[in-house]
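J.: Okay, here's the structure, questions in a sec.
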Amino acid sequence: METMYDTLLQLPLFQGLAHEDFTNILGKVKLHFTKHKAGETLVKKGTTCGQLIFILNGEIASSTSSTDNSYTFTEYFQAPYLIEPQSLFGMNTSYVSTHIARTEVNTVTISKAFVMNDLFRYEIFRLNYMNIISNRAQTCYNRLWTKVPEKLEARIADFILSHIERPSGEKILKIKMEELANAINDTRLGVSKALNGMQEDGLLELHRGEIVIPNIERLVP
């Protein structure tokens, strides 16, 4: 039977860590275990990130809004999952998304102080953490230099793909047609026709003020 420790070892932050070192870490750290009901908010956008929160089981919904709140992307993440490790350090140490339990989930929390004073002493942990942050930064940088597609349907797909955390699973975009048209520099009518064509092709589903992408992999070029 898989234990909580086995689940933690599946996370990128702890992969490659020697069993002896991991046992030593668990002997020092004060782990905070919490059970959350479906629909419960785990983290709210704008609150200070002072800990690492690990999702041990279940599924969460993570929603991120534009600065003017004109549109919101929602993604779903299955355990094991680490909530916003990039928000623990830097100029802005507030969460950028709101994370809600989609099903019943169990979490374990490790304080920022323990991360800095103890976990960073282990080279493999430092390397794993740097790789996570570096990969994220490189992905964001590459998006800035990607050529914008000419075809309207491809521009819509590019807009969606450039705002998501992971190119897999179901995504939901809450946005008005006018806002999407402005974002990709096209007309409302043109965007409406393109979206309906993409719906006919089974790439997405249109609802009032909402675009559901059941399988984001189908939008990846």
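The values are calculated or read from the model by the stated rules, or taken from the named source; none is laboratory data. What you see is a predicted model; the values in this text were computed from it and never measured. Every residue, glycine as well, gets a Cβ built from its backbone with ideal geometry; the counts of neighbours run over all protein chains shown. Only protein heavy atoms, including side chains, enter the accessible area calculation; ligands, DNA and RNA are left aside. Shrake-Rupley method; radii C 1.70, N 1.55, O 1.52, S 1.80 Å.
J.: Using the Karplus equation 6.51 cos²θ - 1.76 cosθ + 1.60 (θ = phi - 60°), what ³J(HN,Hα) coupling, rounded to whole Hz, does each residue of segment 50-56 give in order, writing x for Gly and Pro?
T.: Coupling constants for segment 50-56: x, 6, 9, 10, 9, 8, 8 Hz.
J.: Computing the accessible area with a 1.4 Å probe over protein heavy atoms, can you report the carbon and sulfur percentage for segment 58-202?
T.: Carbon and sulfur: 51 percent of the exposed surface of segment 58-202.
J.: Under 19 Å Cα to Cα from Lys147, which lysines show up? Leave out anything in the same chain fewer than 8 places away.
T.: The qualifying lysines are none; the list is empty.
J.: Now for a different question. Taking 0.36 nm per residue of separation and subtracting the Cα-Cα distance, what length does fully extending Thr139 through Asp201 add?
T.: Here the segment from Thr139 to Asp201 would lengthen by 19.5 nm.
J.: Which lysines, on any chain, are close to Lys28 with Cα under 24 Å apart, when same-chain ones fewer than 8 places away are left out?
T.: Partners found: Lys112.
J.: Where in segment 1-45 is the amide nitrogen less than 13 Å from a point lying 7 Å along the Cα-to-Cβ axis of Glu104?
T.: 35-39
J.: Could I ask something else about it? Counting only protein heavy atoms and a 1.4 Å probe, tell me what percentage of segment 1-56's accessible area is made up of carbon and sulfur.
T.: Using a 1.4 Å probe with all protein chains present, segment 1-56 comes out at 52 percent carbon and sulfur.
J.: Would you calculate the separation in nanometres between label points at Glu20 and Lys44, each defined as 7 Å from the Cα along the Cα-to-beta-carbon direction?
T.: Label-label distance for Glu20 and Lys44, simple model: 4.7 nm.
J.: Then there is this: Mind sorting out which of (i) 20.9; (ii) 19.2; (iii) 17.6 is the real Kirkwood radius over Cα pairs in Å computed from the coordinates?
T.: Answer label, from the structure shown: (ii).
J.: Quick one: which residues, 5+ away or cross-chain, put their amide H under 5 Å from the amide H of Lys45? H built at 1.01 Å from N.
T.: Thr98, His99
J.: Add -39500 (n - 2.57) for each DSSP H run of 4 or more in the chain, then divide by its residues: what number comes out at 222 nm, to the nearest 500 deg cm²/dmol?
T.: When only DSSP H runs of four or more count, the value is -10000 deg cm²/dmol.
J.: Send over a whole-number figure in Å² for the accessible area per residue of segment 1-79, probe 1.4 Å.
T.: 56 Å²
J.: Through the Karplus equation 6.51 cos²θ - 1.76 cosθ + 1.60, θ set to phi - 60°, convert the phi angles of segment 75-86 into ³J(HN,Hα) values in whole Hz; use x for Gly and Pro.
T.: Each residue of segment 75-86 in turn: 10, 10, 10, 8, 5, x, 8, 10, 7, 6, x, 6 Hz.
J.: Ranked highest first by the average count of other Cβ atoms within 10 Å around their residues, in what order do 99-112, 62-75 fall?
T.: Descending packing order for the listed peptides: 99-112, 62-75.
J.: So which of Lys151/Lys174; Lys151/Lys193; Lys151/Lys176 end up more than 19 Å apart, counting from Cα to Cα? Write down the numbers at each step before the final one.
T.: On the way: Lys151/Lys174 22 Å; Lys151/Lys193 13 Å; Lys151/Lys176 21 Å.
Beyond 19 Å: Lys151/Lys174; Lys151/Lys176.
J.: Hey, another quick one. Need the C-alpha centroid separation for segment 93-114 versus segment 182-221, integer Å.
T.: Result: 31 Å between the Cα centres.
J.: Ok, one more. What list of ³J(HN,Hα) values in whole Hz, one per residue of segment 153-162 in order, does the Karplus curve 6.51 cos²θ - 1.76 cosθ + 1.60 (θ = phi - 60°) give from phi, with Gly and Pro shown as x?
T.: 4, 5, 5, 5, 4, 5, 4, 5, 5, 6
J.: Additional query: Filter the GluC sites (Glu not before Pro) in segment 119-179 down to the DSSP loop ones having no more than 13 other Cβ atoms within 10 Å, then list what survives.
T.: Glu150, Glu170
J.: What is the chain's relative contact order, in percent, from Cα pairs under 8 angstrom and six or more apart in sequence?
T.: 21 percent
J.: Follow-up. Which value, in Å², gives the accessible area per residue of segment 127-185 when a 1.4 Å probe is used on the protein heavy atoms?
T.: For segment 127-185, the per-residue accessible area is 65 Å².
J.: May I ask you to compute the full-extension gain from Ser192 to Val212, defined as 0.36 nm times their residue separation minus their alpha-carbon distance, rounded to one decimal in nm?
T.: 5.7 nm
J.: Report, ordered by chain and residue number, the aspartates and glutamates lying within cross-link reach of Lys45, taken as a straight Cα distance under 13 Å and ignoring same-chain residues fewer than 8 apart.
T.: Reachable aspartates and glutamates: Glu84.
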